[in-house]
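Notes follow once the structure below has been shown.
Quick note: the coordinates plus some simple rules give every number you see, no bench work behind them. Just so it is clear, the structure is predicted and the values come from calculations on it, not from any experiment. Reconstructed Cβ throughout: ideal geometry from the backbone, glycine too, with neighbour counts over all protein chains shown.
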Amino acid sequence: MQGFHIFFFVIVFGFLLLLDLTTKYWISSFLEVSYDRTIIPGFLDLVYVENTGIAFGLFAGNNRFWEVFTLLLILIGFFYFRKKIFKTIPYMVIGAMIFAGALGNGIDRIIHGHVTDFIDVHFFNYHWPAFNLADTYLTLGFSCIFLYFLKLKHTSNQKNI
């Protein structure tokens with residue numbers, strides 16, 4: 001059974017990483033920086049942004065630091081969670097999302113010196129900063145972990161009543 005779990009994790013991880021890198025490659029190959037095209041009026045645009053910072057462009061210009069920091073987080077995270085990741089399918093999917101997101105942005109940063117962002121979600125004039133699929137994987141994965149810990153806390157509080 002452990003062999004299947006590892007195989008499943010590798011397939012999901014590989015698919016997510018390939019999808020992230022492919023979309024970034026497509027955007028950077030066929031669009032110009034500052035490109036902006038409306039997909040859903042008042043809600044979604046396709047843009048091309050080269051982000052040298054971290055989330056939302058914070059701390060731009062410290063690329064070497066973020067390269068090393070990302071790789072360290074991936075290694076620490078994998079060794080810390082490696083036993084838990086392979087226990088169930090949901091853990092494997094969550095782990096694959098987080099590691100594919102971190103590695104996808106890390107590869108982009110190392111190869112290009114920036115992360116390619118291209119999804120612009122907004123509500124008329126109120127824009128969320130541009131992001132990519134790797135950012136989406138990270139957000140969904142960490143949100144699932146957060147909800148899991150909330151559930152654990154709620155369950156333990158129920159037992160104490």
- Message: With +1 on the Cβ of every Lys and Arg and -1 on the Cβ of every Asp and Glu, and nothing else charged, how large is the dipole of the chain about its Cα centre, in debye rounded to the nearest 20?
- Response: 1080
- Given charges at Cβ of Lys, Arg, Asp, Glu: the range 1-118 dipole, positive-most of 76, 12, 39: 76
- Over the chain, what relative contact order in percent results from Cα pairs under 8 Å that are six or more residues apart? 29
- Three-way shape label, the range 60-136, alpha-carbon gyration tensor, a/c 1.5: oblate
- Query: Put +1 on the Cβ of each Lys and Arg and -1 on the Cβ of each Asp and Glu in the range 6-161; which of 91, 111, 27 then has its Cα farthest toward the positive end of the dipole?
  - Reply: 91
- Item | In Å, descending, principal axis extents of the Cα set of the chain | 53, 36, 29
- Using the alpha-carbon centroid of each, what span in Å lies between the range 6-36 and the range 93-157? 14
- Item | Most mobile of 103, 140, 21 in a GNM of the chain (Cα contacts under 10 Å) | 140
- What does the charge count near residue 134 come to, summing +1 for each Lys or Arg and -1 for each Asp or Glu among other residues with Cβ under 12 Å from its Cβ? -2
- Pick from 125, 51, 105: which is most flexible by mean-square fluctuation in a GNM of the chain where alpha carbon atoms under 10 Å apart are linked? 125
- Extension reserve of the residue 52-residue 140 stretch, reckoned as 0.36 nm per residue once the Cα distance is removed: 29.4 nm
- Message: Of the candidates 78, 86, 43, which one comes out as most mobile in a Gaussian network treatment of the chain with C-alpha springs shorter than 10 Å?
- Response: 43
- Item | Structure-based [θ]222 nm, the chain - -39500 (n - 2.57) summed over DSSP H runs of at least 4, per residue, nearest 500 | -22500 deg cm²/dmol
- Task: Sticking with the crude label model, points 7 Å out along Cα→Cβ, report the distance from residue 44 to residue 122 in nm, one decimal please.
- Result: 1.6
- Hydropathy first: keep DSSP H helices in the chain averaging at least 0.5 on Kyte-Doolittle, then drop any whose Cα extent along the axis falls short of 27 Å, and list what survives. 2-30, 63-85, 89-112
- Note on the structure: Between residue 78 and residue 111, Cβ-based FRET efficiency (R0 25 Å, step 0.05) works out to 0.75
- According to the square roots a ≥ b ≥ c of the eigenvalues of the Cα gyration tensor, what is the shape class of the range 91-141, taking rounded for a/c under 1.5, prolate for a/b larger than b/c otherwise, and oblate for the remainder? oblate
